[in-house]
Amino acid sequence: MEWLYCNEILDLKDEIAVELLKVTNKYSLSKLKTEAEKSLVKNLTVENILERAKLAIENNARDLETAVVKFIIKNLEEVKKRQEMKSFPSSVIERVENMKVPEGKFDSLFKNISEMK
């Protein structure tokens, strides 16, 4: 209801934001979708980054996907330690590779992913 009156949501729990993102994508509610994405971006963690990457791709949430890519780059050492790295969507991995970063920084990341598969 808050969104209906104010056109923004100030405090949105992650579980609700996930469901809201799915619904807003299905029914093309772009402004509300943006609010759901903003909420999810605020709460990215190493523990939920894979889930958020998949959610972004499944729901065509470009802002969330971009935030996921930036989060991975910023927290690369911690992210690459996680076993689920082998499950990251290839489009996210490609975007990480294409970002301007110091040469060689991703060599070990992608070597580790290849070895996990």
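If we scan region 85-105, do we find a residue that is among the charged types (D, E, K, R), modelled with pLDDT of 90 or more, part of a helix (DSSP H, G or I) and surrounded by fewer than 19 Cβ atoms within 10 Å (Cβ to Cβ)?
no
Consider only pairs whose beta carbons are under 6 Å apart and that are at least six residues apart or on different chains; among these, list those whose first residue lies in region 49-64 and is over 13 Å from D14 (Cβ atoms) and of a type outside the set (A, V, I, L, M, F, W, C) and whose second residue is at pLDDT 90 or above and in a helix (DSSP H, G or I).
As it stands, the answer is D63/E37, since those pairs meet every condition given.
With the structure loaded, tell me whether K42 is at pLDDT 85 or above, basic (K, R) and closer than 16 Å to S90 by Cα or whether it fails that test.
No, not satisfied.
The values are calculated or read from the model by the stated rules, or taken from the named source; none is laboratory data. Keep in mind it's a predicted model, so treat the numbers as computed, not measured. Positions of Cβ are backbone-derived with ideal geometry, glycine not excepted, and every protein chain shown enters the neighbour counts.
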